[in-house]
Amino acid sequence: MENEDTPQIITHIEHNMNHCLFDCKWIPCSAKFVVIGSLPKGSGTLEIFEISSGELKKVKEIERPNSFKCGTFGASSDIERRLTTGDFKGTLEIWDLEKSSQVYITKEHTDIINSIDGMGGNTVNCGAPEIVTGSRDGTVKVWDPRQRGKAVANMQPAKGEIKRDCWAVAFGNSFNDAERIVIAGYDNGDLKMFDLRTMSLRWECNLKNGVCSAEFDRKDIPMNKLVATTLEGKFHVFDLRTQNPTKGFAQVLDNSAKSGTIWVARHLPQNRDLFITCAGNGQVSLWKYQYPEQRSHVDSNGVTVGVAGKLNRLQRMVVSSQPINALDWNRDHTGLAVATAYDQCVRVIVTTKLNLH
């Protein structure tokens, strides 16, 4: 039952772009965002919009020969605000959007970069600025934008192993200058956690469906929770505070959606226990994670086991006729988000009453 405290999800602006859109990101500390996509002729576009009097106004457009797939501002400071992009040919580029100029380029992947994340550009005492990319070529690479050319870490299948298409990557556990973890999700349902400090595989499991997105609830704290979304309308929330030697991490699974693939999940920057999922039928759902009374207990063998919490859906709303493939919350304005979908529209979405939850 809805009551007066129930959040409402409202499409504030809907803007048709007439070409394919793959990602969108707010430009830090501004009312502008960048939309990443490709034109029918196959070239890539970075388009910058600002919100003006309830409408979108295009400020700038950068066109390149190859289609862009994904982007992040995570490895750049709020002063520089440099965008890092991955494209369909496996090229990683860093852009000075003010000057419309490219400041870094490297092509170490042999196929499309499906996913990208950045870390360390802004937060103090959480390690060096780094970028992580996941590609169809089966590799996950970590880059230091201060070092030209080669990746500083390369996670790839052992000789003889089948190369799986990596669909999702994200940083986490970056709470000091030494610790940092990468989570990677693959087309066969594999979810792998790589520890960059020890350069080892810390944990892995299989979710039985291709992993479309993965995100820690916060990147710059000791890892707390992780949401991984998959094909066939499912998503998993893992409690990462307790890792059992045999059972791994406690998790709660939601498969209530009859809405096809869950393309993406994004945690609210102002409250890590709220997150939104975007589905194949154009529906967005707002969730709250409720912790159990005790997050771990000791089993009969004297070993600590994690305890999963519960999921409470606060609201859902169909905002598009096609799958929503990207969403980005605004860091400065609670409840403000931008989203792209396969109906070739970019939308500015407002979610109300989030401060009550």
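The values are calculated or read from the model by the stated rules, or taken from the named source; none is laboratory data. Note that the structure is predicted; figures quoted are calculated from it, not measured. Neighbour counts run over all protein chains shown; Cβ positions are idealised from the backbone, glycine included. These accessible areas exclude ligands, DNA and RNA; they are computed on the full protein's heavy atoms, side chains included. Shrake-Rupley method; radii C 1.70, N 1.55, O 1.52, S 1.80 Å.
Quick look at the values:
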quantity	calculated
For segment 78-139, accessible area per residue (1.4 Å probe, heavy atoms of protein chains only), Å²	39
About the Cα centre, charge dipole magnitude for the chain (Lys/Arg +1, Asp/Glu -1 at Cβ), debye	400
Euclidean distance of C-alpha centroids, segment 118-160 and segment 261-329, integer Å	26
Sulfur and carbon atoms: percent of accessible area, the chain [1.4 Å]	46
Highest-fluctuation residue, Gly42, Gly121, Gly210 considered, GNM on the chain with Cα pairs under 10 Å	Gly42
Coil-residue trypsin sites (Lys or Arg not before Pro) of segment 256-327, DSSP, other Cβ within 10 Å capped at 10	Lys258
Rounded FRET efficiency, nearest 0.05, which uses the C-beta distance separating Leu39 from His333 and R0 of 30 Å	0.45
Mean Cα-pair separation over length for the chain, i.e. relative contact order, pairs under 8 Å, 6 or more apart, %	14
Longest to shortest principal axis, alpha-carbon extents of the chain, angstrom	62, 55, 37
Loop-resident sites, segment 112-168, for trypsin sites (Lys or Arg not before Pro), counting at most 12 other Cβ within 10 Å (DSSP)	Arg146, Arg148, Lys150, Lys159
Sparse-neighbourhood loop sites, trypsin sites (Lys or Arg not before Pro) in segment 12-60 - DSSP loop, at most 11 other Cβ within 10 angstrom	Lys41
Alpha-carbon Rg with Dmax, taken over segment 282-357, Å	17.8, 55
